[in-house]
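Please treat every number below as a calculation from the coordinates, not as lab data. What you see is a predicted model; the values in this text were computed from it and never measured. Because the Cβ atoms are built from the backbone with ideal geometry, glycine has one as well, and the counts that use them run over all protein chains shown.
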Amino acid sequence: MTHSYSFSTPGITFDPNQVMDNYRLAAISRACSLLVRKEVFSGRAKFGIYGDGKELCQIALANAMQKGDYISGYYRDQTIGVAIGDLTWPQYFAQLYGHPDVHFDPHSGGRQMNNHHATRWLDAQGEWLNQTETFNTVAGISSTAAQIPRALGVAYASKMYRELPDLEPHSELFSKGGREVCFTTIGDASTSEGMFLECINAAGVLQIPIVFSVWDDGYGISVPIEFQTTKSSISKALAGYQRTDTEKGLEIFQVKAWDYPGLISAYQQAARLAREEYVPCLVHVIECTQPQGHSASGSHERYKSAERLQFEQDADCNLGFRKWILESGISDESTLAEIDAEAIKEARRFQKEAFAAYMASIEIDKKGFLRIAKNLYDSTNEPGLIEPILEELNQLPYPIFSDLVRAGRKTLRAFRFFQGPAVKLLRHWLHELESKNHRRFSSHQMSESAQSPMHIKGIRAEYDKDPVLVDGREILNKSFAQFLTDPRVFILGEDVGKIGDVNQTLAGLQDVFGPLKVTDTGIREVSIVGQGIGASMRGLRPIVEIQYLDYIFYPFPILSDDWACLHYRTAGGQKAPMILRTRGHRLEGIWHSGSPMAVLINGLRGVHFCVPRDMTQAAGMYRTLLAGDDPGVVVECLNGYRLKEPMPTNLLEIQVELGVPEILREGNDLTIVTYGSMCRIVMEAASSLADMGISVEVIDVQTLLPFDRYHHILTSIQKTHRVLFADEDMPGGTSAYMMQEVLDKQGAFSWLDSPARCMAAMPHRPAYSSDGDYFSKPNVENVVDTVYEMMREVDPSSYPAIYF
Ligand SMILES: Cc1ncc(C[n+]2csc(CCOP(=O)(O)OP(=O)(O)O)c2C)c(N)n1
């Protein structure tokens, strides 16, 4: 049964030249998709995913984009990338092979799977380039639906630039009056993800220029839509969000994937509504196909019926486009056939060009190795040592960098009893290659720019002789009031506006700065974070609040998958210097006392992770982060807002240097390394221990990432020869991390006279009430007794048994 095409007649005049350009693009995009699968099967590429069956909707979307707009899409969107000039086909193939050179794969420097694109927004020095003169692609991400939350923030930034006149002087690189639309795409199955639904709701509330597109091909890999979506239709399921004459909401379109005039019309309308009226839109594109199935790692014959497989062929959007062109008399069969044939040839040419460039980059180092190998061969007369290694290397059809390193290391091992010049040359070659590979695969974990907060020096708090004591929250209130004078800074979160957050650190600031600078949001942590990430990609400096640390797991996937690795996965092409503010460690009950730092620091490599002991230090950390261009987390002490702190005379200048611990108390017998709310407990324990004749040095690490950059803890251990790592995370969590940093990385082991110890919370969630806290978390007695025990081990006569 062949598919019947019945095209929309929206009353638009089509420019035949543009139509033919669009056809050429659809044809080459299809040819490239088909080649990707072949390249994987040939062994030249590891994995391939492609955009076939979605060419036409992407062309229509791209036609509606203007310079300065954004696309936050997913792994099908190659046609959009090429249509807007943000992707070339050689780049597409370079990424397929994993070419780790940003000259060839500017999107990710070979770090991302194919079809994960990103505009390079930063120059080689890490400075922002102009986003208003380009079409912008927000860095691709494999986690389905994760492209949506930051899209919300990108669109939200348009609103900020439009509505905050003070931003004008900062808008040059990022906005022209807030007219930029963010387009975001998603597969039909991924609309089942909570984050998609949450963001639809948030967009309806916020009324921002965002256009959601759903490419509906009826499957999520093998699982059909009836298992995915209520009513098997996302536009039907979301119908309640449709705006009406009296209520704001979204404008919802439904259009067929092969209906060129219908698609062009839908996208023109959606883009106009979003751009001019700030109406968020949803374009549900139905009857998409997937001619080759989901990806190169499976075959759809395993799960699609014969009828559906036939539909994949018959309802093909490129065929539909062809039919419409013929019906409209824009071109003829033979011209279109010529274009198709030319597209296949061209795709092959681009693929070959990309592969040759990739191999050539490896060939340079391979030649270097072979030259040295020959030298070794000639100078040592030990063919038996080198020949098998060369043979193995020469047998590889496509040697890659790791093959060269492996061959180099094997050779050095084989020639370990030789010390001639050739061996020295080989060592040098290997060393150089490894340092190049380190850049290729491990650069840009953090900002490498002149604005890196790692360059910010510390400015310590200074006090009058008799400082005024104030609630900790007042220290923050005054500090935030200063931060908000920067037009780019805004604060966003649950209850931060009208009441100035649940601890009133922001009290009164909305009245002073207005509701866009200090903004109440719905209870929707994923999209709060998305709003911040996206806005920070456009030159703004959002401080987003997660009301309690214990609720950070809701947005954690986005923080980890998108935010923390953005700079790394774009090889320094993009950054999102958002600051995430939250409060934790200890107060009351299971969801207001957690301190799961190990989960966070290990899931958020790529951010600076600050754990201030009080609000003065927190204020200094915010200032440092705001002066830099990296993302950062600050975990304030939940029980510290009403504790008294001396008001510094230089409160509005304090900066905390990242990765520099502070010695809170000097001592000679034992070092306790801690942070956050535990500092107070440890300090109290230290004074009890002093009464017992034990002199403890207390160190507050201040930031867990980075950790003690200058090895101050090692210096302390070189004096005390004993160390206890204490915190209120789970056993084996951050105390173990600190121990590894100090013993392993800093090499403190050989300075120890006693075994290093860790002290953590109980391995369960903290129970409610004061007793719950006492028996779930380390308390003063635990610290005193553990230190005493450590001292007793060394000198039982000076420290006799206490309890038995
Ligand atoms: C959060 C998450 N869960 C699962 C996957 C594995 N996965 C990759 S693609 C996919 C199906 C997505 O289907 P759909 O959203 O309809 O997009 P399509 O691939 O059909 O275009 C799945 C389950 C993933 N990448 N991310």
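Using equal-weight Cα scatterers in the Debye expression, the normalised intensity of the chain in log10 at q = 0.06 Å⁻¹ is -0.46. Residue pairs exceeding 18 angstrom between C-alpha atoms, taken from K436/K575; K54/K231; K374/K410; K54/K256; K38/K345; K256/K345: K436/K575; K54/K231; K256/K345.
Spread over its residues, the convex hull of the C-alpha atoms of the range 362-442 is 78 Å³ per residue.
Compute the Cα gyration tensor for the range 501-542, then decide on rounded, prolate or oblate, letting a ≥ b ≥ c be the square roots of its eigenvalues: rounded whenever a/c is under 1.5, prolate when a/b is larger than b/c in the other cases, and oblate in all that remain. Because a/c hits 1.5 or more and a/b fails to exceed b/c, the range 501-542 counts as oblate.
Phi angles of the range 11-18 translate, via the Karplus equation with coefficients 6.51, -1.76, 1.60 and θ = phi - 60°, into HN-Hα couplings of x, 9, 8, 9, 7, x, 5, 5 Hz per residue; Gly and Pro are given as x.
What you get for the range 362-442, charging only the Cβ of Lys and Arg (+1) and of Asp and Glu (-1), is a dipole of about 360 debye around the Cα centre. By the count of other C-beta atoms within 10 Å, a proxy for reagent exposure, D365, D69 are ordered fewest to most as D365, D69. Taking amide H positions as modeled 1.01 Å from N, with prolines and chain starts lacking one, the residues under 5 Å from T703 and 5 or more places away or on another chain are V611, G659, V660, D708.
With K and R counted +1 and D and E -1, the other residues having a Cβ less than 9 Å from that of Y278 yield a net charge of +1. Computed from Cα positions, the angle between helix 615-627 and the longest principal axis of the chain comes to roughly 40 degrees.
Using the alpha-carbon atoms, what tilt in degrees (0 to 90, nearest 10) does helix 317-328 show relative to the longest principal axis of the chain? With both axes taken from Cα atoms, the answer is about 40 degrees. Within the shell of other residues whose beta carbon sits under 12 angstrom from the beta carbon of Q228, the net charge comes to -4, with Lys and Arg scored +1 and Asp and Glu -1. Counting 0.36 nm for each residue step from A450 to S688 and taking away their Cα separation leaves a gain of 81.1 nm. Listed by chain and number, the aspartates and glutamates whose alpha-carbon sits under 16 Å from that of K159, ignoring those within fewer than 8 places in the same chain, are D69, E168, E172, E180, E276, E277, D520.
What order do you get for Y377, Y74 when you list them from fewest to most C-beta neighbours inside 10 Å?
Working: Y377 16, Y74 24.
Fewest-to-most ranking of Y377, Y74: Y377, Y74.
What is the diffusion coefficient of the range 396-486 in µm²/s, taking the Kirkwood radius over Cα pairs and the Stokes-Einstein relation at 4 °C with a viscosity of 1.567 mPa s?
Details: Rh = 19.2 Å.
Result for D is 68 µm²/s.
Annotation: the range 662-794 has a Kirkwood hydrodynamic radius of 14.6 angstrom, from the mean reciprocal C-alpha pair distance. In plain terms, the chain from R406 to D314 could stretch by 28.2 nm, reckoned as 0.36 nm per residue minus the Cα-Cα distance. Each Lys or Arg adds one and each Asp or Glu subtracts one; over the other residues with Cβ under 12 Å from the Cβ of A736, this totals -3.
Round to the nearest 0.05 the FRET efficiency obtained for K236 and R427 when R0 = 60 Å and r is the Cβ-Cβ distance.
Result of the calculation: an efficiency of 0.35.
Taking amide H as placed 1.01 Å from N in the peptide plane, the amide H of I491 sits under 5 Å from that of V518, T519, I543, each at least 5 places away or on another chain.
Rounded to the nearest 500 deg cm²/dmol, what is the calculated helix-only ellipticity per residue at 222 nm for the chain, with -39500 (n - 2.57) per DSSP H run of length n ≥ 4? Could the numbers behind the result be given before it?
Details: 25 runs with 327 residues, N = 804.
After summing the helix terms and dividing by the residues of the chain, the value is -13000 deg cm²/dmol.
Extent of the range 512-593 along its three principal axes (Cα atoms, max minus min coordinate, largest first): 43, 33, 18 Å. Each residue, E307 and D520, gets one label point 7 Å from its Cα in the Cβ direction; the gap between the two is 5.3 nm.
For Q254, the amide hydrogen comes within under 5 Å of the amide hydrogens of H284, counting only partners 5 or more places away or on other chains and with H modelled in the peptide plane.
Kirkwood hydrodynamic radius of the range 453-653, from the reciprocal of the average inverse Cα-Cα distance over all distinct pairs: 16.9 Å.
Sequentially through the range 505-511, phi angles give Karplus couplings (6.51, -1.76, 1.60; θ = phi - 60°) of 6, 10, 3, x, 6, 5, 4 Hz, Gly and Pro residues having no value and appearing as x.
Taking the number of other C-beta atoms within 10 Å as the exposure measure, put D511, D691 in order starting with the fewest.
Values: D511 12, D691 8.
Lowest count first: D691, D511.
For the range 339-354, putting each phi into the Karplus relation 6.51 cos²θ - 1.76 cosθ + 1.60 with θ = phi - 60° gives couplings of 4, 4, 5, 5, 4, 5, 5, 5, 4, 4, 4, 5, 4, 5, 4, 5 Hz, in residue order, rounded to whole numbers and with x for Gly and Pro. The stretch between Q269 and D771 holds 174.6 nm of extra length on full extension. This uses 0.36 nm per residue minus the Cα-Cα distance.
Within the range 703-746, what residues put their amide N at less than 20 Å from the label point 7 Å along the Cα-to-Cβ vector of M762? From the range 703-746, the list is 726-735.
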